[in-house]
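Step one of this worksheet: look at the structure below.
The values are calculated or read from the model by the stated rules, or taken from the named source; none is laboratory data. Since the structure is predicted, the reported quantities are computational estimates derived from the model, not experimental observations. Cβ coordinates were reconstructed from backbone atoms using ideal geometry, including for glycine residues, and neighbour counts include every protein chain displayed. Note: accessible area is taken over every heavy atom of the protein model, side chains too, but ligands, DNA and RNA are not part of it. Shrake-Rupley method; radii C 1.70, N 1.55, O 1.52, S 1.80 Å.
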Amino acid sequence: SDGSIRLHQMTSEYPLMQWNDSTKGQPIVALQWALTRPAVFFALDASSNIYIWDLLENDLLPVAKQAIPSEKVVTMTLLGEPEKANGLLGIVLAKESGQIDIQYVKKKWALP
């Protein structure tokens, strides 16, 4: 609810890493690991901003932030085929009006 993200290992109750105020205090409404690249995850905040984290490139801050200004995004999910090396990774955005948008991610965040 405060924009903090914690990375846990299944064998410990304590986080391996923690990023406080990662969304400048906005609640995170969705977070998902990339299906095609294990070190990348995406977070959606309550203000319709998508944050891309690539832990191999920078483990302190997101490597990119994309605002979706046209309409409030209520949730997101990712689509891709992890068994294929084509690097196609998409973000499905569900908007408040019920509209669904699919956007493809740049190859540098999608390739295995």
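Structure above, values below:
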{"quantity": "Members of the range 74-93 that are without any contact (Cβ under 8 Å) to a residue 40 or more places away in the chain and among the β-branched types (Val, Ile, Thr)", "calculated": "VAL92"}
{"quantity": "Selection count where residues are outside any strand (DSSP E or B) and within 15 Å of VAL29 (Cβ to Cβ), scope the range 74-99", "calculated": "1"}
{"quantity": "Candidates GLU57, GLU96, filtered to the one that is among the charged types (D, E, K, R) and without any contact (Cβ under 8 Å) to a residue 24 or more places away in the chain", "calculated": "GLU57"}
{"quantity": "Which numbered condition ILE102 misses (of (1) closer than 18 Å to GLY3 by Cα; (2) in a strand (DSSP E or B); (3) open to solvent by 20 Å² or more (accessible area, probe 1.4 Å))", "calculated": "(1)"}
{"quantity": "Residue within the range 13-27 that is on the phi > 0 side of the Ramachandran plot and touching a residue at least 40 places away in the same chain (Cβ under 8 Å) present", "calculated": "no"}
{"quantity": "Breaking point among (1) farther than 12 Å from VAL105 by Cβ; (2) open to solvent by 10 Å² or more (accessible area, probe 1.4 Å); (3) of a type in the set (A, V, I, L, M), for ALA64", "calculated": "(1)"}
{"quantity": "The one condition in (1) aromatic (Phe, Trp, Tyr); (2) within 23 Å of LEU111 (Cβ to Cβ); (3) at pLDDT below 95 that TYR14 fails to fulfil", "calculated": "(2)"}
{"quantity": "Hits in the range 1-21 - residues which are within 22 Å of GLN66 (Cβ to Cβ) and either hydrophobic (A, V, I, L, M, F, W, C) or open to solvent by less than 20 Å² (accessible area, probe 1.4 Å) (or both)", "calculated": "GLY3, ILE5, LEU7, TRP19"}
{"quantity": "Candidates PRO82, PRO69, filtered to the one that is farther than 17 Å from LEU44 by Cβ and open to solvent by 60 Å² or more (accessible area, probe 1.4 Å)", "calculated": "PRO82"}
{"quantity": "Check on SER47, among the polar types (S, T, N, Q), open to solvent by 50 Å² or more (accessible area, probe 1.4 Å) and either part of a loop (DSSP other than H, G, I, E, B) or within 24 Å of ALA110 (Cβ to Cβ) (or both)", "calculated": "yes"}
{"quantity": "Search result, residues across the range 22-32 that are loosely packed, with under 13 Cβ neighbours inside 10 Å and either among the aromatic types (Phe, Trp, Tyr) or within 13 Å of the chain's Cα centre (by Cα) (or both)", "calculated": "none"}
{"quantity": "Residue check for ALA39: of a type outside the set (Asp, Glu), open to solvent by 40 Å² or more (accessible area, probe 1.4 Å) and without any contact (Cβ under 8 Å) to a residue 40 or more places away in the chain", "calculated": "no"}
{"quantity": "Meets criteria (outside any strand (DSSP E or B) and at pLDDT 90 or above) for GLU71", "calculated": "no"}
